[in-house]
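J.: Got a structure for you, written out below as structure tokens; questions coming shortly.
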Amino acid sequence: ESPDVGQALHDQPFVFMQWSVNSTDTFDSVVNNGELFADTLTQYQSNGTGLFVDGPFGNQIGYLRLPNDSSILATYGDPAAGPGAPHFELSFINGFASITQAAPTTGNFVSGAVILVAPTSRGSVTLNTTSAFDAPLIDPGILSTEEDIETVVAAAQMLNTFFAADAWKDYIIAPAEGSPDLNDQESITVYVRENAVAV
């Protein structure tokens, strides 16, 4: 009997963002074409080659910190494990990826996931009943601090800056339908609150 048991749960929330691209060489082309999907799956199952060799998520990852002069760090302090530890990670997916949004049935996309590595939000796992066979009550408590929200929004802005680079000029067309106004912090905040999930 201890009030601390099940408290201080912390998880790494993440949110997907998508951009339409000038290409047909994405997972979308396979996912939206049943015959091509079957052929691609058969290729992988028969000789271990093709698009399905790589998983669609987490093949390219970047671990990043907020800038040292960040107003977030000045206001809240540094939640990371040390001066070289990341605050968030960015992961890239060659296609439309989301857990909270239905994938379009047409078009091709690139997605970026913003994952909070050093969250300050805390949730809980508590008993639901006295029976060991009943599921517990789980409250992940993600994004329950302003620091976490502001960090994820800043990371989303960095992701947008990355995709706005000249190197993507002929590839990235525009943010996908349903995206926030990436020039408006409040719009990104609303999007993050509606689309962030716990992993």
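The values are calculated or read from the model by the stated rules, or taken from the named source; none is laboratory data. Small disclaimer: the values here were computed from a predicted structure and weren't measured. Reconstructed Cβ throughout: ideal geometry from the backbone, glycine too, with neighbour counts over all protein chains shown. Note: accessible area is taken over every heavy atom of the protein model, side chains too, but ligands, DNA and RNA are not part of it. Shrake-Rupley method; radii C 1.70, N 1.55, O 1.52, S 1.80 Å.
J.: Taking region 151-178 only, how many residues are of a type in the set (S, T, Y), in a helix (DSSP H, G or I) and open to solvent by 30 Å² or more (accessible area, probe 1.4 Å)? Quick ask: steps written out before the conclusion?
T.: Within region 151-178, the first condition is being of a type in the set (S, T, Y), and the residues that meet it are 151, 161, 171.
The next check asks that each one be in a helix (DSSP H, G or I); those that pass are 151, 161.
Narrowing further to those that are open to solvent by 30 Å² or more (accessible area, probe 1.4 Å): 161.
Here the count works out to 1.
J.: Turning to a different aspect of this structure: How about region 100-116: which of its residues are in contact (Cβ under 8 Å) with a residue 40 or more places away in the chain and over 23 Å from L64 (Cα atoms)? Steps first, answer last, please.
T.: So the first thing to find is which residues in region 100-116 are in contact (Cβ under 8 Å) with a residue 40 or more places away in the chain, and the list is 100-101, 103-116.
Across region 100-116, the qualifying residues are T100, Q101, A103, P104, T105, T106, G107, N108, F109.
J.: Restricted to region 115-142, and to residues that are within 19 Å of the chain's Cα centre (by Cα) and of a type in the set (G, A, S), which residue is farthest from L73 (Cα to Cα)?
T.: Selected residue: G141.
J.: Go through (1) in a helix (DSSP H, G or I); (2) hydrophobic (A, V, I, L, M, F, W, C); (3) in contact (Cβ under 8 Å) with a residue 60 or more places away in the chain one by one and return the number of the condition I188 breaks.
T.: Against the list (1) in a helix (DSSP H, G or I); (2) hydrophobic (A, V, I, L, M, F, W, C); (3) in contact (Cβ under 8 Å) with a residue 60 or more places away in the chain, I188 comes up short only on (3).
J.: Which one of these does P175 not meet: (1) over 19 Å from I93 (Cα atoms); (2) in contact with a Phe, Trp or Tyr (Cβ under 6 Å, 6 or more places away or on another chain)?
T.: Among (1) over 19 Å from I93 (Cα atoms); (2) in contact with a Phe, Trp or Tyr (Cβ under 6 Å, 6 or more places away or on another chain), P175 violates only (1).
J.: Consider region 8-59. How many of its residues are open to solvent by less than 90 Å² (accessible area, probe 1.4 Å), touching a residue at least 60 places away in the same chain (Cβ under 8 Å) and not in a loop (DSSP other than H, G, I, E, B)?
T.: Residues in region 8-59 being open to solvent by less than 90 Å² (accessible area, probe 1.4 Å), touching a residue at least 60 places away in the same chain (Cβ under 8 Å) and not in a loop (DSSP other than H, G, I, E, B): 14 in total.
J.: Let me ask you something else. Within region 12-27, track down each residue that is in contact with a Pro (Cβ under 9 Å, 6 or more places away or on another chain) and modelled with pLDDT under 90.
T.: Applying the first criterion (in contact with a Pro (Cβ under 9 Å, 6 or more places away or on another chain)) to region 12-27 yields 12-13, 17-20, 27.
The answer is F27, and nothing else.
J.: Looking at (1) open to solvent by 40 Å² or more (accessible area, probe 1.4 Å); (2) in contact with a strand residue (DSSP E or B) (Cβ under 6 Å, 6 or more places away or on another chain), which one does E186 not meet, given that it meets all the others?
T.: Condition not satisfied by E186: (2).
J.: Scan region 61-86 for residues that are open to solvent by less than 60 Å² (accessible area, probe 1.4 Å) and touching an Asp or Glu at 6+ places or on another chain (Cβ under 8 Å) and report the count.
T.: So the answer is 3.
J.: Still on this structure: From the list L116, L127, exactly one residue is in contact with a strand residue (DSSP E or B) (Cβ under 9 Å, 6 or more places away or on another chain), at negative phi and open to solvent by 40 Å² or more (accessible area, probe 1.4 Å). Which is it? Before the answer, list the steps.
T.: Working: L116 fails: open to solvent by 40 Å² or more (accessible area, probe 1.4 Å).
So the residue among L116, L127 that is in contact with a strand residue (DSSP E or B) (Cβ under 9 Å, 6 or more places away or on another chain), at negative phi and open to solvent by 40 Å² or more (accessible area, probe 1.4 Å) is L127.
J.: From D181, D134, D148, which residue is open to solvent by less than 50 Å² (accessible area, probe 1.4 Å) and among the acidic types (D, E)?
T.: Values: D181 fails: open to solvent by less than 50 Å² (accessible area, probe 1.4 Å); D134 fails: open to solvent by less than 50 Å² (accessible area, probe 1.4 Å).
Checking each option against the conditions leaves just D148.
J.: Keeping to region 132-167, report how many residues are touching a residue at least 60 places away in the same chain (Cβ under 8 Å), small (G, A, S) and over 15 Å from N195 (Cα atoms).
T.: The qualifying residues number 1.
J.: Report, by residue number, each residue of region 60-76 that is under 25 Å from V199 (Cα atoms) and either in a helix (DSSP H, G or I) or not hydroxyl-bearing (S, T, Y) (or both).
T.: If we filter region 60-76 for residues that are under 25 Å from V199 (Cα atoms), which is where we start, we get 60-66, 72-73, 76.
Within region 60-76, Q60, I61, G62, L64, R65, L66, I72, L73, Y76 meet the criteria.
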